[in-house]
Amino acid sequence: MNDHGKYSLDAVLQIWETAVNCGDTKTRIQRASKWNSYYAYLVAKAKQAGLEEQLEQDVFFEQLLLRKALKDTDHVIDIGSGGGRYTLQFAKTCEQVTALDSCADNLDLIRLRAQRMGLTNIAYHKSFWETYQSEQMYDVSFCSMCPAICSMEDILRMEKVTKRLCCLITIAEGSYDTHRMRMLEELEIRPDGTLTEAIHYYNTLYLMGRQPSVFTHEIHQERDETEEEIMERYPVYFSIFGVSTDDAKRYLSDYLRKHAVNGVLHEKSRYRLAMISWNPGKKNP
């Protein structure tokens, strides 16, 4: 998992920045804002589907429970809460949860789902992590599959609002969606500010003197996507990176002609995921 024995903290941080290229605060906020149209699209699709969400405890939440990392009196902040997959699980287990997200559509979706589940212990805060300010301390700070925590400064800000446990879920090297990655390569899209891989968090935390715990899990998925689904979703996704709708549709038509079978694109995905947790007050001996 680590290369920390070979490098200084400064060297590890430089490797991290080179890998992610997160940029300054203004750049990060501008980049994050471009995703809102895609989130709005996903929220609209979720509402059309009847707000259904896989809310059974996943392996990472189960690990938190098995480790007795959560208490029923806990106040938790979910940084980059998205559609609320973890927010709602925390709300069923803990006393209070704050859903922090820069996209109003995401927060609206959590509200609707919470209402359906009878959950009233969620606070909703529309904000970028980069500009979030709070005098409140949380027992647990949590962030899953969100690029907001992308520097040592972000880790320190996370620790500053946390009493007992910080927790991150992110990808590890080797994760992919076959067709999505091929499309990005063909369109010469090289996104900046993407998710930080687990190795960078771990090495940085270790060299900061923390004692990070790591739990890994691998998911393999295969799914069929129809031509209609592809032509609807991907132009919205590509618009984040400056590709016009017309150009996206022309490209997708050609891509489907080459790779689809009977109007269906078979996508294969591999997600190597890691949950990294640590006590912000506990240092290496």
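The values are calculated or read from the model by the stated rules, or taken from the named source; none is laboratory data. Model, not experiment: these values are computed from the prediction. In this analysis, Cβ positions are derived from the backbone assuming ideal geometry, glycine residues included, and neighbour counts consider all displayed protein chains. Heavy atoms of the whole protein, side chains included, go into the accessibility calculation; ligands, DNA and RNA do not. Shrake-Rupley method; radii C 1.70, N 1.55, O 1.52, S 1.80 Å.
Can you flag which of Lys34/Lys163; Lys26/Lys47; Lys26/Lys92; Lys45/Lys68; Lys47/Lys92 are past 25 Å Cα-Cα?
Correct reply: Lys34/Lys163; Lys26/Lys47; Lys26/Lys92; Lys45/Lys68.
Per residue and in cubic angstrom, what volume does the convex hull of the Cα atoms of the chain have?
Taking only Cα atoms, the chain has a hull volume of 135 Å³ per residue.
Leaving out ligands and nucleic acids, and using a 1.4 Å probe, what accessible area per residue does the chain come to in Å²?
Values: 14470 Å² over 285 residues.
Heavy-atom SASA per residue in the chain reads 51 Å².
What list of ³J(HN,Hα) values in whole Hz, one per residue of region 169-183 in order, does the Karplus curve 6.51 cos²θ - 1.76 cosθ + 1.60 (θ = phi - 60°) give from phi, with Gly and Pro shown as x?
Result, ordered by residue: 10, 8, 7, 10, 4, x, 7, 6, 10, 4, 6, 4, 5, 5, 4 Hz.
Per-residue ellipticity at 222 nm for the chain, helices alone: DSSP H runs ≥ 4 residues times -39500 (n - 2.57), over residue total, nearest 500 deg cm²/dmol?
Counting only the DSSP helices, I get -13000 deg cm²/dmol.
Round to a whole angstrom and tell me the spacing of the C-alpha centers of region 230-285 and region 173-219.
Their Cα centres are 14 Å away from one another.
Fully extended, how many nm does the chain gain between Glu186 and Thr120 (0.36 nm per residue separation, minus their Cα-Cα distance)?
19.1 nm
Sorted from largest to smallest, which semi-axis lengths in Å does the alpha carbon gyration tensor of region 9-161 give for its equivalent ellipsoid, taking the root of 5 times each eigenvalue?
26, 20, 14
Quickly rank 207-214, 248-255, 165-172 as a protection proxy: mean count of other C-beta atoms within 10 Å, highest first.
Numbers: 207-214: 17.1, 248-255: 15.5, 165-172: 21.4.
Going by the mean number of other Cβ atoms within 10 Å, highest first, we get 165-172, 207-214, 248-255.
How are the Cα pair distances of region 152-269 distributed, in percent, across 10 Å bins from 0?
In order of increasing distance, the bins hold 10, 33, 24, 20, 11, 1 percent.
Residue separation times 0.36 nm, minus the C-alpha to C-alpha distance between Thr245 and Asp72: what's the value?
57.5 nm
Let's see if you can work this out: charge +1 on each Lys and Arg Cβ, -1 on each Asp and Glu Cβ, no other charges. What is the dipole magnitude of the chain about its Cα centre, in debye to the nearest 20? Don't skip to the end; give the middle numbers.
Numbers: 35 positive and 41 negative charges, 130 e Å.
Using only the charged Cβ atoms, the result is roughly 620 debye.
Can you give me the distance in nm between label points at Asn21 and Arg233, each placed 7 Å from the Cα along the Cα-to-Cβ direction?
2.6 nm
Go through region 151-158 residue by residue and turn each phi into a ³J(HN,Hα) via Karplus (6.51, -1.76, 1.60, θ = phi - 60°); whole Hz please, and just put x for glycine and proline.
So the Karplus estimates, Gly and Pro as x, are 7, 5, 4, 5, 4, 5, 5, 4 Hz.
Considering only the other residues whose Cβ falls under 14 Å of the Cβ of Lys126, what net charge follows from Lys and Arg at +1 and Asp and Glu at -1?
Spelling it out: positives minus negatives among the neighbours equals -4.
Determine the share of region 101-183's accessible area contributed by carbon and sulfur atoms, expressed in whole percent, with a 1.4 angstrom probe.
About 49 percent, which is the carbon plus sulfur part of the accessible surface.
Looking at Leu13, Cys146, Asn36, which one has the Cα that reaches farthest to the positive end of the dipole of region 10-159 (charges on Cβ: Lys, Arg +1; Asp, Glu -1)?
Asn36
First compute the accessible area of region 214-285 with a 1.4 Å probe, then give the percent of it belonging to carbon and sulfur atoms.
Working: 1900 of 4170 Å².
Exposed carbon and sulfur together represent 46 percent of the surface.
Using amide H atoms built 1.01 Å from N in the peptide plane, name the residues 5+ places from Thr98, or on other chains, whose amide H lies under 5 Å from its own.
Those lying under 5 Å, H to H, from Thr98 are Val76, Ile77, Asp78, Ala123.
What residues qualify as long-range amide H neighbours of Lys163, i.e. H under 5 Å apart, gap of 5 or more or another chain, H built at 1.01 Å from N?
Tyr138, Asp139, Val140
Out of all DSSP beta bridges with both ends in the chain, state the antiparallel percent to the nearest 5.
Restricted to the chain, the bridges split so that about 55 percent are antiparallel.
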